[in-house]
Amino acid sequence: GETSLRVTRVPPPAEIENPDRYINPKARRDARKRFGLPNDKVLFVFGFDLNSTMSLKNPMAVIEAFRRAFPPGDLLGEREGLVIKTLPPAGPHQAWDALKAFASQDTRLQMIEASLDRTGILALYGCCDGFISLHRSEGLGRGHAEALQIGLDVIVTDYSSTTDFCTGPWAHPRADSKCVTSALA
């Protein structure tokens with residue numbers, strides 16, 4: 001006969017004890033100084049592992065959506081910034097080099113290529129104001145979950161693993177880049 005199997009979905013573990021230690025005003029100032037980020041801008045952040053598949057993480061779409069929402073030279077756009085953080089590539093990485101070259105043309109874009117421990121990455125997220133991810137595929141979505149826990153607005157594609165937990169008042173799942181552009185602005 002048939003057997004019935006009960007499946008329980010367990011959300012990924014990404015619990016942060018005392019999230020205020022990353023988002024209080026002093027911690028934010030200290031982290032912005034540590035990472036060379038401006039104090040006078042609203043900052044969005046996107047973190048991904050460059051040693052994963054870059055096209056699936058889609059950092060170029062994040063840059064394009066940011067630039068559409070805040071056009072260069074626009075008064076509002078000059079008060080905003082975008083931080084893209086990744087691990088250093090394991091070897092030569094043509095696509096990453098091209099993305100860095102493109103980003104270098106806009107002073108509002110900051111690229112951080114560094115290996116940070118968990119405290120460092122949470123400090124980086126905590127000194128920013130929003131997390132954005134326009135991924136085409138996401139495994140665990142730990143950065144998204146941690147950004148939500150420390151109180152960042154999270155703008156994310158409405159696809160893949162993040163649909164399991166990107167809910168609530170700080171989560172803004174979007175179906176396409178036009179919706180993401182409007183969520184940024």
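The values are calculated or read from the model by the stated rules, or taken from the named source; none is laboratory data. Computed from a prediction, not measured in an experiment: that's the story for all the values here. As a convention, Cβ positions derive from the backbone with ideal geometry for all residues, glycine included, and neighbour counts pool all protein chains shown. For accessibility, only protein heavy atoms count, side chains too; no ligands or nucleic acids. Shrake-Rupley method; radii C 1.70, N 1.55, O 1.52, S 1.80 Å.
For the range 41-133, the Kirkwood estimate of hydrodynamic radius, built from reciprocal distances between every pair of different alpha carbons, is 13.6 Å. Each other residue within a Cβ distance under 10 Å of Ile150 adds +1 if Lys or Arg and -1 if Asp or Glu, for a net charge of -1.
Computed 3J(HN,Hα) for the range 70-85, one whole-Hz value per residue from the Karplus formula 6.51 cos²θ - 1.76 cosθ + 1.60 where θ = phi - 60°, is 10, x, x, x, 6, 4, 5, x, 7, 9, 10, x, 10, 10, 10, 10, glycine and proline marked x. Pro71 sits among other residues whose Cβ lies under 12 Å from its own Cβ, and their net charge, with Lys and Arg +1 and Asp and Glu -1, is -2.
Probe radius 1.4 Å, ligands and nucleic acids ignored: give me the carbon and sulfur share of the accessible area of the range 92-134 as a rounded percent.
With neighbouring chains kept in place, the figure for the range 92-134 is 51 percent.
Scanning residues 5 or more positions from Gln110 or on other chains, those with amide H under 5 Å from its amide H are Leu82, Val83, Ile84, with H placed 1.01 Å from N in the peptide plane. Both radii were evaluated on the Cα set of the range 79-123; the Rg over Rh quotient, with Rh as the Kirkwood radius, amounts to 1.01. With θ taken as phi - 60° and the Karplus curve 6.51 cos²θ - 1.76 cosθ + 1.60 applied, the whole-hertz 3J(HN,Hα) list for the range 106-112 is 10, 5, 7, 9, 10, 9, 10 Hz, x standing for glycine and proline. Karplus-based coupling profile of the range 113-128, in residue order and whole Hz: 10, 7, 8, 10, 6, 4, 4, x, 5, 5, 5, 4, 4, x, 8, 9, with θ = phi - 60° in 6.51 cos²θ - 1.76 cosθ + 1.60 and x standing for Gly or Pro. Among the protein heavy atoms, those of Asp49 account for about 60 Å² of accessible surface (1.4 Å probe, every chain in place).
In the context of the full protein assembly, Arg118 retains an accessible surface of approximately 90 Å², using a probe radius of 1.4 Å and ignoring ligands and nucleic acids. Close amide H contacts of Ser133 (hydrogens built in the peptide plane, cut-off under 5 Å, sequence separation of 5 or more or a different chain): Ile155, Val156, Thr157. Would you grab the residues whose amide H sits under 5 Å from the one on Asn51? Only those 5+ places off in sequence or on another chain, please, with H modelled 1.01 Å from N. Under 5 Å from the amide H of Asn51 lie the amide H atoms of Leu87, each far enough along the sequence or on another chain.
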